[in-house]
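Notes for the one structure printed next.
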Ligand code: SF4
């Protein structure tokens, strides 16, 4: 394990990977990345989805349920994009195996990157406890997942 390497949600660095073509630049995350080796990832782009793309939410559970085949990811008009979210999560896991980071700093609330809090699938911005698909997969493989709201402790 590389104890200074982290994967980071690309949108937190200001890269325009968000579903609507925007970003979620976060100064605290940028400051963290100036002090560590950070590799930007966007699971949804890695899964083959375009930018911009329709917003999506997990329906029927959280990311762990998606991994277990008990929930899916859908756009507001009902299109099933679960396979793309799975593909992106597996690509990020592939990076983990190659680089062996000590953790990931992922965007809260996202159906891919969210950690501990996601939206409930109603597209009404109702938050529930749960992880995004990529965050759930990383946690299942023992990778510590942080967010812009709870960065790794200073070393
Ligand atoms: Fe950001 Fe993750 Fe959404 Fe990509 S999938 S835009 S990195 S929150």
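FYI, it's all coordinate maths here, none of it is from the lab. Small disclaimer: the values here were computed from a predicted structure and weren't measured. Glycine also receives a Cβ, built like all others from the backbone with ideal geometry; neighbour counts cover every protein chain displayed.
Computed as a quarter of the hull surface, the mean projected area of the alpha carbon convex hull for segment 5-147 stands at 7.5 nm². Distance from the C-alpha centroid of segment 107-144 to that of segment 1-68: 11 Å, rounded to the whole angstrom. For helix 82-99, report the angle its Cα long axis makes with the longest principal axis of the Cα atoms of the chain; keep it between 0 and 90° and round to the nearest 10°. Result, in degrees: 10.
Here each label is just a point 7 Å from Cα along the line to Cβ, and for residue 141 and residue 37 those points are 1.7 nm apart.
Considering only DSSP beta bridges where both residues belong to the chain, give the percentage that are antiparallel (nearest 5). Antiparallel: roughly 45 percent of the beta bridges in the chain. Fewest-first ordering of 128, 39, 118 by other beta carbons within 10 Å of each residue's beta carbon gives 128, 39, 118. The residue 129 and residue 55 beta-carbon pair, evaluated with R₀ = 30 Å, returns a calculated FRET efficiency of approximately 0.90. What does the C-alpha gyration tensor say about the overall shape of segment 50-96? Classify as rounded when a/c is under 1.5, otherwise prolate if a/b is larger than b/c, or oblate. Verdict is oblate for segment 50-96.
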